[in-house]
Each structure stands twice: as structure tokens, then as C-alpha cells.
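Report on one structure; see the data block that follows.
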Amino acid sequence: MKSYIFITETGCDPQLGRPVKDPILRGTSSLGACRPDIRRRVVPGDHIFVVSGKVSGAQQYVIGGLEVAEKMSAIEAFSRYPSHRLRRDDDGGIRGNIVCSVDGMQHSLDHHTDFHNRVENYVIGRNAIEILGDRAIAVARLQTLEFLRFLLGKKGETPYSVMGRASRLDQTQTEEMVHWLSAIRQIR
């Protein structure tokens, strides 16, 4: 088993910034368009974890993660998971992580230039863990940097300086991450 942890884009923070569109950790969890390099490498049983993006005045934290259940093309995901299709929410924000339209072409709400790399290896997850609630998020913010230092055996003043944009985790590190996130998730 191998796993990856990555930092989402700057400004994405479920509590203090823009919503995180990808991965989706509620309901049927998935990683659909972000990090095609990681999606290409993972197989069922691997895990993918995500750290919030940089937001001024806020400590980044591990938002959660998922275990890979299966992979498919975004075109297949479009028909199987309509709730994950790109769309505008009531506030005008973009939601969803399936970047193709019904005809398999790039969705009009997707503005990335590497569409052909982003439609393969759509990941469906299981056993997702998402840190929710003000108290649990506060604890995750306080503990994330020190936990990442311990987990990866590296020093640094930010998650990026400890892990870069992404890091690979071995089985022991993955188990420690799942255990740590599961404990924080219980905080109410």
C-alpha cells in the first residue's frame, strides 16, 4: 500500500477560505480532476490525503482523506455520479469534480489547459475521513505541522516546507495518518 498527501490550491480552506472542490469527501468520496499524477499512480487500497491551501492568517491543516476503491474515466463517472458534475452553486461558486460534459468534451466551467490529462483515472473513494466542526478543525490546525514533521521526519515552518506540494507515504505512515485523523474527527 502506498499513499499520497498533497496541498490543495492557495485560498482553499473549508472553514476560512474558498471551498475545496476536489477531493470530495462527503457522500461518495472522489478525486476527479486535481493531481492527475497522483491519480495515475494509486490503486485500490491506497490512500490520498489533502492539506488545506494557504490562507492569510490561518494555519493549514489536514482536511481529511480517502481510501481508493476504484478508478474510471471522467466520462464513466459523469454517468455514474451526477452529483459530482461541475455546476454553479447558489452563491455562484463552482462545485463538482467531473470536468467533462455529456459528450465527453471539456465542460465549459473547467478552464484548465490540460484537459486530456485530467479525464483519466477518476478516483472513487471509500472510508473517507473529513475533519468537520470548529473544535476538530482547531485541533487539526494546531497539530498538523508537528504531526507532518513527525510523520515525514523533516523540519520546516509550514506544511509546504515539510512535504513540498505532495509526498508519498508508506504503509506505516498511512496507518498513522488514518489513526490521527480518526482521533481528531471524534472531537466535538
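The values are calculated or read from the model by the stated rules, or taken from the named source; none is laboratory data. Since this is a predicted model, take the numbers as computed values, not measurements. For neighbour counting, all protein chains shown are included, and Cβ atoms are generated from backbone atoms with ideal geometry for every residue, glycine included.
Residues to consider are I94, I131; find the one that is at pLDDT 90 or above and of a type outside the set (D, E).
Values: I94 fails: at pLDDT 90 or above.
Residue meeting the stated conditions: I131.
Pick from region 156-172 the residues that are surrounded by fewer than 19 Cβ atoms within 10 Å (Cβ to Cβ) and among the polar types (S, T, N, Q): which of them is farthest from E130 (Cα to Cα)? Let's see the steps before the verdict.
So the first thing to find is which residues in region 156-172 are surrounded by fewer than 19 Cβ atoms within 10 Å (Cβ to Cβ), and the list is 156-158, 160-161, 164-166, 168, 170-172.
In the following step, the residues that additionally are among the polar types (S, T, N, Q) were identified as 158, 161, 171-172.
Numbers: T158: 21, S161: 24, Q171: 20, T172: 20 Å.
Ranking the qualifying residues of region 156-172, first place goes to S161.
Out of the residues in region 104-127 meeting the condition of being farther than 26 Å from D170 by Cβ and among the charged types (D, E, K, R), tell me which one is surrounded by the most Cβ atoms within 10 Å (Cβ to Cβ).
Once the filter is applied, the top-ranked residue is R118.
Name the strands (runs of 3 or more DSSP E) wholly inside region 1-103 in which the number of residues that are more than 15 Å from the chain's Cα centre (by Cα) and either surrounded by fewer than 20 Cβ atoms within 10 Å (Cβ to Cβ) or of a type in the set (A, V, I, L, M, F, W, C) (or both) is 2 or more.
By residue number, 62-72.
Just give me the residues in region 173-188 being exposed (fewer than 13 other Cβ atoms within 10 Å of the Cβ) and either in contact with a Leu (Cβ under 9 Å, 6 or more places away or on another chain) or outside any helix (DSSP H, G or I) (or both), in sequence order.
Of everything in region 173-188, those that are exposed (fewer than 13 other Cβ atoms within 10 Å of the Cβ) and either in contact with a Leu (Cβ under 9 Å, 6 or more places away or on another chain) or outside any helix (DSSP H, G or I) (or both) turn out to be Q186, R188.
So which residues in region 128-149 are part of a helix (DSSP H, G or I), surrounded by 14 or more Cβ atoms within 10 Å (Cβ to Cβ) and either touching a Pro at 6+ places or on another chain (Cβ under 7 Å) or not polar (S, T, N, Q) (or both), if there are any at all?
Selection gives A136, I137, A138, V139, A140, R141, T144, L145, F147, L148, R149.
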